[in-house]
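Here the structure is laid out as structure tokens; the discussion comes afterwards.
The values are calculated or read from the model by the stated rules, or taken from the named source; none is laboratory data. Because the structure is a prediction, the values reported are computed rather than measured. All Cβ positions, even for glycine, are placed from backbone atoms using ideal geometry, and neighbour counts span all protein chains on display. Heavy atoms of the whole protein, side chains included, go into the accessibility calculation; ligands, DNA and RNA do not. Shrake-Rupley method; radii C 1.70, N 1.55, O 1.52, S 1.80 Å.
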Amino acid sequence: MNNSVTNTARLLWAGLRALLVLTLVTGVIYPLAITGVAQGLFNDKANGSEIKANGQVVGSSLIGQAYNLPVKGDETPEPDLKWFQGRPQNGLGTNSVNTQYSLILSGATNRSGDNGAVDGVCPPLGKVEESTLCYWVESAKAAVIKDNSVPGYTVKASDVPADAVTSSGSGLDPAISPDYADIQVHRVAEKNSLPVAEVQKLVDEHTDGRTLGFIGEPTVNVLELNIALKELVAKS
């Protein structure tokens, strides 16, 4: 009887020691080691790829933001055209859960590439259903042409790149193509009373090339570009 109790106690103590050791190794030492490596070698990514302006965190380089004018009630927000605009967020809905915050919801439009098309071609706006991808693309294209055509500079339909009229799979793409940034330059320059050449220089300076020179496409981070634009406006 005593041997049985002794053996049980020995097994319990062995199990407890194993639990304590594993808890220490996997619950304390390992997380601290990984956190230390991440902070030391990948500090930017480990902290959420923060973007700072004037010493304050204003966003993430991985998450897109909306640049809209203030709205009241149920009005549809209009883009604030003094800023560079990101990709469309059509079909993502609105934040109805926690209305204290104005959030961009993550998600795709969930429409096929030929949704609303007739014989593979999108009909004119007046002849296409509003709930289709064709309608979103054609209405976005019309808005891009209208918003970015200023005296002395007219945007043609053939100038509008795909990322200007389609949302990304997540709806939170933080970047646009250099082509989309370029057609916004004249409008941004006019709205902020800046020389076109200076605004174009900002776009060129904030254009990132392909990863390793051959992976992906060149991109422009809209938040970083708008921060630089704000600084340029303040200096002018």
For this session: For region 214-236, enumerate the residues that are outside any helix (DSSP H, G or I), open to solvent by 20 Å² or more (accessible area, probe 1.4 Å), touching a residue at least 24 places away in the same chain (Cβ under 8 Å) and not small (G, A, S).
Result: E217, P218, T219
Exercise. So which residues in region 1-57 are at pLDDT 80 or above and in contact with a strand residue (DSSP E or B) (Cβ under 6 Å, 6 or more places away or on another chain), if there are any at all?
Worked result: S49, E50, I51, V57
Problem set entry | Checking P174 against (1) modelled with pLDDT under 95; (2) over 16 Å from the mean Cα position of the chain (by Cα); (3) not hydrophobic (A, V, I, L, M, F, W, C), the condition it does not meet | (2)
Exercise. Got at least one residue in region 182-203 being among the aliphatic types (A, V, I, L, M), open to solvent by 50 Å² or more (accessible area, probe 1.4 Å) and in contact with a Lys or Arg (Cβ under 7 Å, 6 or more places away or on another chain)?
Worked result: no
Exercise. What number of residues within region 6-64 are under 20 Å from the mean Cα position of the chain (by Cα) and either at positive phi or small (G, A, S) (or both)?
Worked result: 8
Exercise. Given the conditions (1) modelled with pLDDT of 95 or more; (2) open to solvent by 60 Å² or more (accessible area, probe 1.4 Å); (3) not basic (K, R), and given that Y153 satisfies all but one, which numbered condition is not satisfied?
Worked result: (2)
Problem set entry | Pick from region 150-199, criterion among the hydroxyl-bearing types (S, T, Y) and without any contact (Cβ under 8 Å) to a residue 12 or more places away in the chain, ranking: farthest from P124 (Cα to Cα) | T154
For this session: Report yes if some residue within region 25-45 is open to solvent by less than 80 Å² (accessible area, probe 1.4 Å) and assigned to a loop (DSSP other than H, G, I, E, B); otherwise report no.
Result: no
Problem set entry | Filtered residue count, region 99-122, keeping only those that are modelled with pLDDT under 65 and surrounded by fewer than 16 Cβ atoms within 10 Å (Cβ to Cβ) | 6
Problem set entry | Members of region 48-74 that are of a type in the set (G, A, S), part of a strand (DSSP E or B) and surrounded by fewer than 16 Cβ atoms within 10 Å (Cβ to Cβ) | A53
Exercise. If you go through region 186-206 one residue at a time, do you hit one that is modelled with pLDDT of 95 or more, under 25 Å from L133 (Cβ atoms) and among the β-branched types (V, I, T)?
Worked result: no
For this session: Would you confirm whether any residue within region 179-198 is of a type in the set (S, T, Y), under 21 Å from the mean Cα position of the chain (by Cα) and not in a helix (DSSP H, G or I)?
Result: no
